[in-house]
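The block underneath contains the structure these notes are about, expressed in structure tokens.
The values are calculated or read from the model by the stated rules, or taken from the named source; none is laboratory data. All values reported here derive from a predicted model rather than from experimental measurement. Cβ placement follows ideal geometry from the backbone for every residue including glycine, while neighbour counts extend to all protein chains displayed.
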Amino acid sequence: MSTTPTSGRRAAPVAAALGLPAASALVIGSIIGTGVFALPSALAPYGPIALVAFGVVTLGALALALTFGSLAARTTASGGPYVYAREAFGEFAGFLNAWSYWITAWAGNAAIVVAWVGYAEVFVNTGHKTWISVLLALIGLWIPAAINLTGVRNTGAFQVITTVLKFVPLVFMATVGLFFVDPDNFGSFNASGQSALGAISAAGAIALFSYLGLEAASVVAGRVREPGRNVPRATVYGTLVCAVIYILGTLAVFGTVSHAGLGSSTAPFTDAANNIFGGTWAGDVVAVAAIVSGIGALNGWTMLCAEMPYAAARDGLFPTAFARLRGANGVPAFGIIASTVLASLITVFSYTRFEDVFTKIVLLSVLTAVIPYLFSAAAQLYWLLVKGRESLSPKRLARDTTVAALALAFSYWSIQGSGYQTVYYGLFVVLLGVPVYVWLKRDQSRAAGPKTPRRAPETAVPSPRRPRALSTNRVGGARKPRPLRHQD
């Protein structure tokens, strides 16, 4: 059993049910969802220059993974970016990070399920009727919610199984698929019409979505056995594995599907497999793997949807309903249900109002995720500059400072690459949390009650300039004289 420290509150114990394999599977499963299976189509309008952007994003993601690993080794409480920001910069910074990350989690689930539906429709709803697509999306969101409601042990076991199954087609495309690459399929190197730097920035903001979830183990650190050791390892190793699979797999898809066909594809890995083997059987196998992968990612992110607000709520920085545990397994049921409801609403709205559903939700999710990433990198820099000299060797201090500075710079770069419209809407939804914070602090003040004013010390002898021979009080409407008593 492990407990999560709180601000003056008794911590309810939670089961540390995740070992290193399950924690690593949570990281890999949260990173590799259906995003990577849909990403080649989202990057196709930029051309092969998007692969350069993918490389830059991979370096930034590794810097973030190392930063989270260092932070998690020092702070083993659940909450990840929320805890790091609160400890370094105070309660309000912690709240904003928890709020922003919570938006990332449920909005990201909406993006994942949109891509998941694209692969499910390889077998059903091939005519892409909107109402059937919406129904499939809702099924995809609520199955993982139901699994999470049964407890963290079942969630972890399901995560391991789906992670193994999703790796088969991805490893295949990242190895065998490379032998079938045709250079003619790549098209123009920069097809975006922008400058090279602009295209890399714009494509990088989309590519970063593929790495969201690298902090997953730190968010649920309180549920991991030996978190000071296992959380950093799961974070770094999981990100490295995903980086290799991502870059090689995306390269293979770009080289086996024509540029024109890739831009209009809803299941690019399926199309790539069909082009390699001919027919449809190989594509169907990949589609099944993508469906399993999507459910696994949604399973992991649904857990994160509840864990981050749970940690904040126990510190009084999120509504108390998120801190209530239900059942023998101690499940934060309200967070799971509330987040899945919000993801369902934004999914339905997107299908009925937006044309480019996946890309729009991806960019919003990236922006709201980068804010906690930025604060986490800043928290690491703050710790290194304030306390690092006392506990680290000069060589280790220089290395960690360089990595944290790169993670911070990468976060800023990702924000500007999201585009002004995404930044506008993202900043708006993040700042919607300010009234919530005010409401929470007001309730805390009321619960504490009025403070008793501090009494001034009494003098032993009354001031000679203001003699107090008599004191009066009112009794029954009349003023009754009262002899002055000697004051202690």
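Taking segment 194-225 as the range and being surrounded by fewer than 22 Cβ atoms within 10 Å (Cβ to Cβ) and under 20 Å from Met308 (Cα atoms) as the test, only Arg225 passes. So for segment 120-127 (the condition being at negative phi and either modelled with pLDDT of 90 or more or within 20 Å of the chain's Cα centre (by Cα) (or both)), does at least one residue qualify? Within segment 120-127 (the criterion being at negative phi and either modelled with pLDDT of 90 or more or within 20 Å of the chain's Cα centre (by Cα) (or both)), the answer is no, since none of the residues qualifies. Thr352 falls short on exactly one of the conditions (1) surrounded by 20 or more Cβ atoms within 10 Å (Cβ to Cβ); (2) more than 24 Å from Pro81 (Cβ to Cβ); (3) of a type in the set (S, T, N, Q), and that condition is (1). Screening Gly296 with (1) closer than 23 Å to Gly94 by Cβ; (2) crowded, with 24+ Cβ neighbours inside 10 Å; (3) modelled with pLDDT under 85 gives one miss only, at (1). Restricted to helices (runs of 4 or more DSSP H) entirely inside segment 26-97, those with at least 1 residues that are within 17 Å of the chain's Cα centre (by Cα), of a type outside the set (A, V, I, L, M) and within 19 Å of Asn230 (Cα to Cα) are 49-74, 81-89.
Could you say whether any residue in segment 383-393 is surrounded by fewer than 24 Cβ atoms within 10 Å (Cβ to Cβ), of a type outside the set (Phe, Trp, Tyr) and touching a helix residue (DSSP H, G or I) at 6+ places or on another chain (Cβ under 6 Å)? Taking every residue of segment 383-393 in turn, at least one turns out to be surrounded by fewer than 24 Cβ atoms within 10 Å (Cβ to Cβ), of a type outside the set (Phe, Trp, Tyr) and touching a helix residue (DSSP H, G or I) at 6+ places or on another chain (Cβ under 6 Å).
Answer yes or no as to whether Phe375 is of a type in the set (Phe, Trp, Tyr) and either surrounded by 20 or more Cβ atoms within 10 Å (Cβ to Cβ) or touching a Phe, Trp or Tyr at 6+ places or on another chain (Cβ under 9 Å) (or both).
Numbers: of a type in the set (Phe, Trp, Tyr): yes; either surrounded by 20 or more Cβ atoms within 10 Å (Cβ to Cβ) or touching a Phe, Trp or Tyr at 6+ places or on another chain (Cβ under 9 Å) (or both): yes.
Here the answer is yes, as Phe375 does meet what is asked.
If Phe179 satisfies all but one of (1) part of a helix (DSSP H, G or I); (2) touching a residue at least 24 places away in the same chain (Cβ under 8 Å), what's the number of the condition it fails? Of (1) part of a helix (DSSP H, G or I); (2) touching a residue at least 24 places away in the same chain (Cβ under 8 Å), only one is false for Phe179: (2).
Just to confirm my filter: which helices (runs of 4 or more DSSP H) fall fully inside segment 184-258 and include at least 2 residues that are over 20 Å from Pro48 (Cα atoms) and modelled with pLDDT under 85?
Working: elements: 196-207, 216-219, 227-256.
Filter on segment 184-258 gives 216-219, 227-256.
One residue is enough: does segment 121-134 have a residue meeting the conditions surrounded by 23 or more Cβ atoms within 10 Å (Cβ to Cβ), of a type outside the set (Gly, Ala, Ser) and in a helix (DSSP H, G or I)? No, because not a single residue in segment 121-134 is surrounded by 23 or more Cβ atoms within 10 Å (Cβ to Cβ), of a type outside the set (Gly, Ala, Ser) and in a helix (DSSP H, G or I). Among the numbered conditions (1) at pLDDT below 85; (2) touching a helix residue (DSSP H, G or I) at 6+ places or on another chain (Cβ under 8 Å), the only one that Asn274 does not meet is (1).
Specify which of the listed residues (Gly228, Gly279, Gly187) is without any contact (Cβ under 8 Å) to a residue 12 or more places away in the chain and surrounded by fewer than 19 Cβ atoms within 10 Å (Cβ to Cβ). Outline the logic, then answer.
On the way: Gly228 fails: without any contact (Cβ under 8 Å) to a residue 12 or more places away in the chain; Gly187 fails: without any contact (Cβ under 8 Å) to a residue 12 or more places away in the chain.
Answer to the check: Gly279.
I need a count of the residues in segment 433-447 that are hydrophobic (A, V, I, L, M, F, W, C) and touching a residue at least 60 places away in the same chain (Cβ under 8 Å). Don't jump to the end; show me each part of the working.
Pass one, segment 433-447, residues hydrophobic (A, V, I, L, M, F, W, C): 434, 436, 438-440, 447.
From the residues that got through so far, the ones that are touching a residue at least 60 places away in the same chain (Cβ under 8 Å) too are 436, 440.
Going through segment 433-447 one residue at a time, the tally reaches 2.
On the basis of being touching a Gly at 6+ places or on another chain (Cβ under 8 Å) and touching a residue at least 12 places away in the same chain (Cβ under 8 Å), does Ala297 make the cut?
For Ala297, the condition - touching a Gly at 6+ places or on another chain (Cβ under 8 Å) and touching a residue at least 12 places away in the same chain (Cβ under 8 Å) - is met.
Inside segment 274-318, residues that are in a helix (DSSP H, G or I), over 25 Å from Ala77 (Cβ atoms) and not hydrophobic (A, V, I, L, M, F, W, C) make up a count of 7. Of note, Ala146 does not satisfy the criterion of being within 17 Å of Ile361 (Cβ to Cβ) and part of a helix (DSSP H, G or I).
Would you check if Ala328 is at pLDDT 90 or above and either among the small types (Gly, Ala, Ser) or under 14 Å from Val219 (Cβ atoms) (or both)? Talk me through it step by step, then tell me what you get.
Values: at pLDDT 90 or above: no; either among the small types (Gly, Ala, Ser) or under 14 Å from Val219 (Cβ atoms) (or both): yes.
Against the criterion (at pLDDT 90 or above and either among the small types (Gly, Ala, Ser) or under 14 Å from Val219 (Cβ atoms) (or both)), Ala328 does not qualify.
Taking helices (runs of 4 or more DSSP H) that fall entirely within segment 319-429, which contain at least 3 residues that are over 22 Å from the mean Cα position of the chain (by Cα) and either farther than 30 Å from Gly263 by Cα or polar (S, T, N, Q) (or both)? Explain how you work it out, then say what you get.
On the way: elements: 333-353, 357-383, 394-417.
Those helices (runs of 4 or more DSSP H) span 394-417.
Applying the criterion of being buried (at least 24 other Cβ atoms within 10 Å of the Cβ), within 21 Å of Phe92 (Cβ to Cβ) and aliphatic (A, V, I, L, M) to the residues of segment 299-325, the residue that is modelled with the lowest pLDDT is Met308.
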